[in-house]
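What follows is a set of notes on a single structure, which appears directly below.
The values are calculated or read from the model by the stated rules, or taken from the named source; none is laboratory data. Because the structure is a prediction, the values reported are computed rather than measured. Heads up, the Cβs are rebuilt from the backbone with ideal geometry, glycines too, and the neighbour counts pull from every protein chain shown.
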Amino acid sequence: MKSYELESFLKSFLLFLVLLEVLLAINFWHEYEVGKQETKEKIRFEMKLCAYTVQCEGMQTDFVERSKEKEENTLYEKGDFYSYFHVPTVEKYLMKVVYPKEKYLRKVTAMQEKLLRKFLLYSLFAVLVSFLFAVYALMPLRRALRLNEEFVKDILHDFNTPLSSMKINLKLLQKETGHSIKIERIENNIETMLSLQKNLRAFLKGIRTQAEVFDIEEVLNERISYFRTLYPDIRYISEVQSFRVETNRDAFSRVVDNILSNAGKYNDPGGNVVICMTNNVLKIKDTGKGIAHPEKVFSRYYKEQERGIGIGLHIVKKLCDEMSVPVRIESKERKGTEVSLELSAIAV
């Protein structure tokens, strides 16, 4: 199950479970309050029975003078429970029956334990129902996502033939006509399309291959050379010296590609992109347009410009998580963006 499928499943499960639990809680609270009232009615009945039969086990009795404040057959609660009852042939006195509060609390506690056991049993049933509901709700989503992924995979596969053909024919054309800036630009555009293909594949299935030791200076120089050709009006300045890491080279290169591509694509004409290292932190700073909401850039499909499809930085975050490389973005509109990669965990 993929992360977004798991998120959808958990949200559906928790939402339905919370609703069921709230309904159960309301129902059991009502049952608890009714149970307390019924218990008090039983106590009053026991006290009345005590007054008429003088069978008062566990209760205390006394005779008090009759008065207007002492209503007969009324249950009073002040510390212990007590009530007043008429004594046949005696008009001046009433019989006071006292029911210990502790005895009442024991009955209430027993009722609470019984209701709690029922509530837990019903809650387990609610968990099962919520789980089945979440699975049922997720099934159409999973089918739609699978169809969408298969469609994208088919498109990516169909791209391979024309792109490969274009690359071969460009090489042949370059042999016939010699070096040309126009041919070089076409070749760079093809490389951009191939890079987009790799991004989409990484988005669909992720890149989980064996780690290797390499020098990031080599990767940076290689990719900077490519982007200098692609964005000739942008100055790419690398201040990175030799720094060896152990991770998946292709994944690291894809992260660098996406960051350098954005730094060039959304930069101002004549702008700069500076790559430097500080305390095992690789920083890529540009002087471009900046980002209005940098906290959202790692979200899938989020974009602030019309260009792109909004998955580049989502893939950056995904690959960085796989490589155990924390990534952070700081940006201000019209002042530029700084992307930081913490490489301590993969440094050799």
*Can you tell me which of 204, 163, 196, 200 is at pLDDT below 75, in contact with a Leu (Cβ under 7 Å, 6 or more places away or on another chain) and among the hydrophobic types (A, V, I, L, M, F, W, C)?*
200
_What's the number of the only condition in (1) in contact with a strand residue (DSSP E or B) (Cβ under 7 Å, 6 or more places away or on another chain); (2) among the small types (Gly, Ala, Ser); (3) assigned to a helix (DSSP H, G or I) that residue 290 fails to meet?_
(3)
*Answer yes if at least one residue in segment 270-283 is crowded, with 22+ Cβ neighbours inside 10 Å and either of a type outside the set (Val, Ile, Thr) or closer than 25 Å to residue 7 by Cα (or both), and no otherwise.*
yes
_Among the candidates 8, 83, residue that is among the small types (Gly, Ala, Ser) and under 42 Å from the mean Cα position of the chain (by Cα)_ = 8
_Extreme residue, farthest from the chain's Cα centre (by Cα), among residues of segment 92-115 that are outside any strand (DSSP E or B) and loosely packed, with under 13 Cβ neighbours inside 10 Å_ = 102
*Does at least one position in segment 209-222 carry a residue that is within 27 Å of the chain's Cα centre (by Cα) and at pLDDT below 90?*
yes
*Does residue 295 satisfy the criteria of being modelled with pLDDT under 85 and out of contact with any Pro (no Cβ under 6 Å at 6 or more places or on another chain)?*
no
*Between a first residue in segment 164-177 that is closer than 12 Å to residue 190 by Cα and a second residue that is of a type in the set (Asp, Glu) and surrounded by 10 or more Cβ atoms within 10 Å (Cβ to Cβ), which pairs have beta carbons less than 7 Å apart while being 6 or more apart in sequence or on different chains?*
170/187
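Conditions tested, residue by residue: (1) loosely packed, with under 11 Cβ neighbours inside 10 Å; (2) under 19 Å from residue 119 (Cβ atoms); (3) assigned by TED's automatic domain parsing to the domain that holds residue 124; (4) not polar (S, T, N, Q).
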position	(1), (2), (3), (4)
12	no, no, yes, no
27	no, yes, yes, no
46	no, no, yes, yes
49	no, no, yes, yes
